[in-house]
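**Student:** To start, I am sharing the structure in question, which I have written as structure tokens.
The values are calculated or read from the model by the stated rules, or taken from the named source; none is laboratory data. All values reported here derive from a predicted model rather than from experimental measurement. Cβ placement follows ideal geometry from the backbone for every residue including glycine, while neighbour counts extend to all protein chains displayed. Calculation scope for accessible area: heavy atoms of the full protein, side chains included, ligands and nucleic acids excluded. Shrake-Rupley method; radii C 1.70, N 1.55, O 1.52, S 1.80 Å.
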Amino acid sequence: MTVNRLIKRLDGDDRVELLRSVREADVSPYFRVMESATAPVVQVEGHDKIMLGSNNYLGLADHPDIKNAARDALDTFGSAVTGSRLLNGTMDLHLELENEIAEWHGTEGAMVFTTGYQTNVGTISAVVGKQDVIVVDSAAHASIRDGSLLSGAEIRKFAHNDLQDLEEQLRKPVDGDGAVLVIVDGLYSMEGDLAPLGEITALCTRYGAALMVDEAHSLGIYGEQLTGAVELFGTANDTDIRMASLSKSPSSTGGFIAGSNDLLDTLRIHARAFLFTTSGVPAAVGASLASIRLIRSEEGRQRASRVLANAEALRSGLVAEGLDVGKRSPIPGGDTASPIVSLHIGDDLVAMDLWRKLFDKGIFTSAALHPAVPRNGALLRLCTMASHTDDQIRTAISTIAETVAELPS
């Protein structure tokens, strides 16, 4: 009898078996079921939890203005446009949103993709090819790594935020007429640390490399106009490709590229993840537009200030309890915390156990385990929102500290 090797292989995957075992033991931190809006307190599987596991940094996911904009778009355009942006999928809402983003970022234009993942995959694979080199931070998001692989370019990783290693990679020769693209996150989603964009930009200039910065987690939080880390470090004029997600601070779905008309027209022709996927649903586009406009308002500035204040309170409270959390990031004129506070645990199983104990005590966190983080680098990812109250932050600190103390040494 002929063996179906593919299907047989699926039955022997060690990581699948691990998923099944932790799921059966009900200690898995993944695929938990949300039953209410992403707010400071969320109902999860029948119980209220203080939400410290969401990217809703500015607390806009349940904002009435954003919900009304989503309803208006739904009423006007229906549930879906059922076509790609190339064909019938471009709405006037897209053009308004792209114009708003371009004006906000001070670029010639902007281009909105259906998801943030597709934005990175489509952009990177469209602008570089087999003759080129991509130099990428080892902690860059999976979408950046996947886009780099699809491009066919030579990929050179450098150690996370290690400027010496970055320069060593840039010094290496490039074949023929190949170009070099350096790709970093503005704010890294696991450790919650900022890229040293001043020094990175200087190295790119010295070695003639283009620079792409993913602002998925820094958009709406940093910079005078809240466009992100590039603005905070004053490197906007030297950043060739500015990417961000619409699913974190803007609390919708989608992603965008802000840049030159040459870049954007190249993407319109060559970015397959843009050309061959259905446009985002109207409600998401409407919500994104309303969110960007709110972020640009005084209320947006107040929310950005509040989320960083909450992050400072959470981080300093955990440090005072003797817990191992991520370092503050150097910025021009000082340093800063970020809305992502990483609680270092180390062992995957210990991290899962801690996650479950906190879950049972009413605190929802995100567990980052290998391979999302280095082996023996498991952590709990704690995210603050602008809408968290002081009491909720204090409750989280005391609950986390007492629960860590209960773990076997």
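**Student:** Using only Cα atoms, locate the centre of the stretch 32-46 and the centre of the stretch 315-372, then give the distance between them in Å, rounded to an integer.
**Tutor:** Spelled out, the Cα-based centre of one part sits 21 Å from the other.
**Student:** I want to check the label-to-label distance for residue 159 and residue 35. Put each point 7 Å from Cα in the C-beta direction and report it in nm to one decimal.
**Tutor:** Computed distance between label sites residue 159 and residue 35 equals 4.8 nm.
**Student:** Which value, in Å² rounded to 10, gives the accessible area of residue 92 with a 1.4 Å probe and all protein chains present?
**Tutor:** 90 Å²
**Student:** So, one more: For the full complex of protein chains and a 1.4 angstrom probe, list 149, 379, 19 by accessible area with the highest value first.
**Tutor:** 149, 19, 379
**Student:** Further question: Provide the descending list of Cα extents for the stretch 64-296 along its principal axes, expressed in whole angstroms.
**Tutor:** Principal extents (Cα only, largest first): 55, 35, 29 Å.
**Student:** Further question: Suppose only helical runs count, i.e. DSSP H with n ≥ 4. What mean residue ellipticity at 222 nm does that imply for the chain under -39500 (n - 2.57) per run, divided by all residues and rounded to the nearest 500 deg cm²/dmol?
**Tutor:** That calculation yields -13000 deg cm²/dmol at 222 nm.
**Student:** Let me ask another. With the crude spin-label approximation of a point 7 Å out along Cα→Cβ, what separation in nm comes out for residue 376 versus residue 402?
**Tutor:** Taking the two extended label points, one gets 3.3 nm.
**Student:** Please turn the phi angles of the stretch 168-178 into ³J(HN,Hα) values with the Karplus equation 6.51 cos²θ - 1.76 cosθ + 1.60 (θ = phi - 60°), one per residue in order, whole Hz, x for glycine and proline.
**Tutor:** Coupling constants for the stretch 168-178: 4, 5, 6, 6, 5, x, 10, 5, x, 9, x Hz.
**Student:** Have a look at the DSSP beta bridges in the stretch 64-296 and tell me what percent are antiparallel, nearest 5.
**Tutor:** 40 percent
**Student:** So, one more: Between residue 80 and residue 361, what length in nm is gained on full extension when 0.36 nm per residue of separation is reduced by their alpha carbon distance? Can you show the working numbers first?
**Tutor:** Numbers: separation 281, 0.36 × 281 = 101.16 nm, distance 3.99 nm.
Length difference between fully extended and current span is 97.2 nm.
**Student:** Got a sec? What order do 21, 143, 251 fall in by accessible area at 1.4 Å, biggest, i.e. largest, first?
**Tutor:** 21, 251, 143
**Student:** Report for the stretch 139-275 the percent antiparallel among DSSP-assigned beta bridges with both residues inside it, nearest 5.
**Tutor:** 40 percent
**Student:** What figure in square angstrom, to the nearest 10, would you give for the accessible area of residue 312 with a 1.4 Å probe?
**Tutor:** Looks like 60 Å² after rounding.
**Student:** Per residue, what accessible area does the stretch 92-240 have, given a 1.4 Å probe and all protein chains present, in Å²?
**Tutor:** 39 Å²
**Student:** Give me D for the chain in µm² s⁻¹, whole number, from Stokes-Einstein with Rh from the Kirkwood sum over alpha-carbon pairs, 25 °C and 0.890 mPa s.
**Tutor:** 110 µm²/s
**Student:** Right, something else. Counting DSSP beta bridges with both partners in the chain, what percentage is antiparallel, nearest 5? List each step's numbers first, then the result.
**Tutor:** Details: 29 of 48 bridges.
Of those bridges, close to 60 percent are antiparallel.
**Student:** Still on this structure, please answer the following. Can you give the FRET efficiency for residue 260 and residue 409, using 1/(1 + (r/R0)^6), R0 = 60 Å, r = Cβ-Cβ distance, to the nearest 0.05?
**Tutor:** Working: r = 56 Å, r/R0 = 0.93.
About 0.60, to the nearest 0.05.
**Student:** Could you pull out the chymotrypsin sites (Phe, Trp or Tyr not before Pro) across the stretch 248-302 that fall in loop regions by DSSP (anything but H, G, I, E, B) with no more than 14 other Cβ atoms inside 10 Å? Walk me through the numbers before you get to the answer.
**Tutor:** Numbers: sites: 256, 274, 276; in loops: 276.
Of the chymotrypsin sites (Phe, Trp or Tyr not before Pro), the ones in loops of the stretch 248-302 whose Cβ has at most 14 other Cβ atoms within 10 Å are 276.
**Student:** Counting other Cβ atoms within 10 Å, keep those with at most 11, restrict to DSSP loop, and tell me which trypsin sites (Lys or Arg not before Pro) in the stretch 322-367 are left.
**Tutor:** Listed in order of number, the matching sites amount to none.
**Student:** Quick check of the Kirkwood formula: for the stretch 303-409, what is the inverse mean of 1/r over all pairs of different Cα atoms, in Å?
**Tutor:** Working: mean 1/r = 0.0705 Å⁻¹.
Final number for the Kirkwood radius of the stretch 303-409 is 14.2 Å.
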